[in-house]
Amino acid sequence: MKKALVAPSILSADFSKLGIEVEMINNSAADWFHIDVMDGVFVPNISFGFPVLKSIQKLAKKTLDVHLMIVQPEKFINDFKSAGADILSIHYEACTHLHRSIYAIKEAGMKAGVAINPHTSVDVLKDILSDIDLVCMMAVNPGFGGQKFIEYTYKKCAQLRTMIDEVGSKCLIEIDGGVNEETAPKLLQSGADVLVAGNYVFSSSNPVQIISSLKNLSV
Ligand code: DX5
Ligand code: ZN
């Protein structure tokens, strides 16, 4: 029986009470904090940067899974390590020298993830699967929480599962965007390992219960 790792996305939290939101996640069944950093260039939105990440790190008692939606992410690898990132994901579409950047992340002492946009085929990851710890597969176009799940993500997830199993990599598949009670079970059946959930968790009157319900799913 396999259960997903659950990573609530801080992007949908109420930033006027960020400490309380972090404590809620600490005391929930969540496994990771998912933290979205946006630069207004790679994506049409700006979220937050190092000062906020450092504040989260002070209180967080779980893995910090940082998803960079920025151009030239290689410039900031050591800064994200200092700010508390445990896992650092960079976008395939934002990296000219992806292999070099992945090894820079590992050398800095973090786990390395590669994020792909909905239009990017999983085939581009074939040669690099053994080098990475995580694929962050976007199920919406990155930039905003609360968007509609793109249906062909199930097929991409299943394709990636087959590719990972074929090479015998321990790389995890994380699905980011549109995770809810309808999509989550199908994603698990398609081979997902990690479920990111923003709007689904934080728009609920009982986020702890929503996190538990995701954690209790199994295939
Ligand atoms: C979108 C972000 C996601 C976002 C997911 O660019 O990468 O992590 O918070 O939000 P929901 O779960 O609301 O689709
Ligand atoms: Zn994300």
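The values are calculated or read from the model by the stated rules, or taken from the named source; none is laboratory data. Bear in mind the structure is a predicted one, so any value in this text is a computation, not a measurement. Cβ: placed from backbone, ideal geometry, glycine included. Neighbour counts: every protein chain shown. Quick note on the areas: whole protein, heavy atoms, side chains included, nothing else; ligands and nucleic acids left out. Shrake-Rupley method; radii C 1.70, N 1.55, O 1.52, S 1.80 Å.
For the range 103-132, backbone nitrogen atoms closer than 16 Å to the point 7 Å from Lys186 Cα along Cα-to-C-beta are found at no residue. By the helix-only formula, in which each DSSP H run with n ≥ 4 contributes -39500 (n - 2.57) and the sum is divided by residues, the chain has a 222 nm mean residue ellipticity of -9000 deg cm²/dmol. For His97, the solvent-accessible surface with a 1.4 Å probe is about 100 Å², rounded to the nearest 10. Can you figure out the FRET efficiency of Thr162 with Asn45, using R₀ = 45 Å and their beta-carbon distance, to the nearest 0.05? Computed FRET efficiency for Thr162 and Asn45 comes out at 0.85. For Gln147 and Lys62, the FRET efficiency from 1/(1 + (r/R0)^6), where r spans their Cβ atoms and R0 equals 25 Å, is about 0.50.
Only beta bridges with both residues in the chain are counted; by DSSP, about 5 percent of them are antiparallel. Once the convex hull of the alpha carbons of the chain is built, what does its volume come to per residue, in cubic angstrom? In the chain, the Cα hull volume divided by residue count equals 110 Å³.
Take every pair of alpha-carbon atoms less than 8 Å apart whose residues are at least six positions apart; their mean separation over the length of the chain yields a relative contact order of 23 percent. The lysine pair count for the range 73-219, using Cα distances under 16 Å and pairs eight or more places apart or on different chains, is 11. Surface composition of the range 8-57: carbon plus sulfur atoms hold 56% of the accessible area, using a 1.4 angstrom probe and ignoring ligands, DNA and RNA. Each label was represented as a point 7 Å from its Cα along the Cα-to-Cβ direction; for Ser82 and Glu107 these points are 1.8 nm apart.
What range in the chain is the longest one free of GluC sites (Glu not before Pro) that are in a loop by DSSP and have at most 13 other Cβ atoms within 10 angstrom? Segment 1-150 is the longest. Computed over the chain with a Gaussian network model linking Cα atoms closer than 10 Å, the most mobile of Pro73, Pro44, Pro207 is Pro44.
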